[in-house]
């Protein structure tokens with residue numbers, strides 16, 4: 001019937017396919033039945049109006065549901081007309097013509113199109129877009145849409161000059177948008193500059209190469225944490241002292257969110273750095289024992305591998321050990337001379353820079369004379385049994401301060 005209007009018609013078998021077709025072709029008009037499989041007409045209309053790419057597409061309901069409340073609901077969702085079956089052929093064609101005519105009038109009254117280039121990210125990814133704009137030395141603002149996220153990249157003579165995406169700015173925003181493989185993009189003619197914080201200094205090709213490297217490493221980093229919904233909590237003493245230091249803004253925001261009230265996915269979404277940088281920092285904290293992740297996480301204790309003199313009253317061979325992992329709960333000594341699990345030994349050690357040595361009875365909780373297949377080094381773990389609370393506090397403070405210096409010395413985005 002609609003072929004009389006000399007229009008191209010696409011037919012969807014259900015509501016979900018209708019959304020896919022509309023999102024792909026952005027039609028001039030959508031006709032909907034209220035009763036459709038997968039998604040009903042009301043759900044499809046709501047989704048079309050919620051999508052910036054299809055929110056201006058006219059909608060006509062053509063349905064057997066003639067209740068007043070159904071008509072009101074359809075019109076409130078943004079429908080341009082509501083026809084009740086059965087409907088005369090002449091009337092339906094007239095209604096369709098009227099809607100198309102109104103749509104054409106709105107287009108004619110709209111300001112001139114400023115879009116220089118548009119398309120879909122699943123057809124042309126951001127790396128290819130950047131290369132095209134660089135080759136043509138384009139100037140303009142590239143706007144990207146992915147799910148409900150939006151981002152902007154300002155090009156000056158083909159070079160990425162500024163970038164913004166959510167809480168991220170500059171290179172961090174570019175790295176985030178490089179992970180988007182679905183959605184839409186549009187280049188608009190603009191001029192000017194962006195905020196100083198959003199400035200990008202790396203050349204385009206360096207950005208693309210670094211972004212690719214980070215994307216390749218993301219699966220490994222995500223796997224290290226497992227449950228993305230699990231809460232993330234940094235040891236309070238470490239978090240408080242770290243926040244007293246002078247920190248880069250992105251790093252400070254990440255640390256401030258590690259208070260146990262945010263899940264990993266929520267923390268990453270709100271972060272002002274890209275996902276790779278955030279996960280790299282968090283994984284380092286996790287390995288150092290100053291971070292807990294997940295509802296069943298064990299109480300962490302900061303630990304540090306340092307070279308210190310060690311004395312064991314009952315086994316002099318341990319004096320050959322060059323380093324140990326130390327915390328206020330115990331030590332791990334790297335050595336091939338080990339005691340069996342459960343044995344108790346007397347341990348004396350001195351922390352560099354501290355006047356008095358520590359002395360404690362410890363129990364062996366793990367030992368292996370050789371490196372294990374799981375990657376653990378030869379040595380043994382010793383749990384302190386009688387270390388005074390004051391001595392435990394002194395070790396905690398000592399380790400925390402050294403860890404603070406080490407973390408800050410590694411920079412804002414390095415593992």
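Please determine whether any residue of the stretch 320-327 is surrounded by 15 or more Cβ atoms within 10 Å (Cβ to Cβ), under 14 Å from residue 385 (Cβ atoms), in the same structural domain as residue 391 (by the TED database) and modelled with pLDDT of 60 or more.
Among the residues of the stretch 320-327, not one is surrounded by 15 or more Cβ atoms within 10 Å (Cβ to Cβ), under 14 Å from residue 385 (Cβ atoms), in the same structural domain as residue 391 (by the TED database) and modelled with pLDDT of 60 or more, which makes the answer no.
Given the condition modelled with pLDDT of 80 or more, loosely packed, with under 14 Cβ neighbours inside 10 Å and closer than 30 Å to residue 278 by Cα, answer yes or no: does some residue in the stretch 378-400 qualify?
Yes, that holds for at least one residue.
Could you tell me whether residue 210 is assigned by the TED database to the domain that holds residue 150, under 20 Å from residue 282 (Cβ atoms) and either over 15 Å from the mean Cα position of the chain (by Cα) or surrounded by 11 or more Cβ atoms within 10 Å (Cβ to Cβ) (or both)?
yes
Just need a number here: residues in the stretch 340-370 that are under 39 Å from the mean Cα position of the chain (by Cα) and exposed (fewer than 13 other Cβ atoms within 10 Å of the Cβ).
Residues that pass the stated criteria total 0.
Here are some conditions: (1) in contact with a strand residue (DSSP E or B) (Cβ under 7 Å, 6 or more places away or on another chain); (2) in a helix (DSSP H, G or I); (3) more than 30 Å from residue 135 (Cα to Cα). Residue 220 meets all but one. Which one does it not meet?
(1)
Could you tell me whether the stretch 24-46 includes any residue that is modelled with pLDDT of 85 or more, within 22 Å of residue 119 (Cα to Cα) and not in a loop (DSSP other than H, G, I, E, B)?
yes
Can you find a residue in the stretch 189-199 that is touching a strand residue (DSSP E or B) at 6+ places or on another chain (Cβ under 9 Å), buried (at least 17 other Cβ atoms within 10 Å of the Cβ), not assigned by the TED database to the domain that holds residue 253 and not in a helix (DSSP H, G or I)?
Taking every residue of the stretch 189-199 in turn, at least one turns out to be touching a strand residue (DSSP E or B) at 6+ places or on another chain (Cβ under 9 Å), buried (at least 17 other Cβ atoms within 10 Å of the Cβ), not assigned by the TED database to the domain that holds residue 253 and not in a helix (DSSP H, G or I).
So, in the stretch 57-99, how many residues would count as being over 20 Å from residue 15 (Cβ atoms) and in contact with a helix residue (DSSP H, G or I) (Cβ under 8 Å, 6 or more places away or on another chain)?
Residues in the stretch 57-99 being over 20 Å from residue 15 (Cβ atoms) and in contact with a helix residue (DSSP H, G or I) (Cβ under 8 Å, 6 or more places away or on another chain): 3 in total.
Going through the stretch 16-38 one residue at a time, which ones are farther than 12 Å from residue 59 by Cβ and either surrounded by fewer than 18 Cβ atoms within 10 Å (Cβ to Cβ) or not assigned by the TED database to the domain that holds residue 82 (or both)?
16, 17, 20, 21, 23, 24, 25, 26, 35, 37, 38
Kindly list the number of the only condition in (1) in a loop (DSSP other than H, G, I, E, B); (2) in the same structural domain as residue 102 (by the TED database); (3) under 21 Å from residue 119 (Cα atoms) that fails for residue 87.
Only one criterion is unmet by residue 87, namely (3).
The values are calculated or read from the model by the stated rules, or taken from the named source; none is laboratory data. These numbers come from a predicted model, not from an experiment. Glycine also receives a Cβ, built like all others from the backbone with ideal geometry; neighbour counts cover every protein chain displayed.
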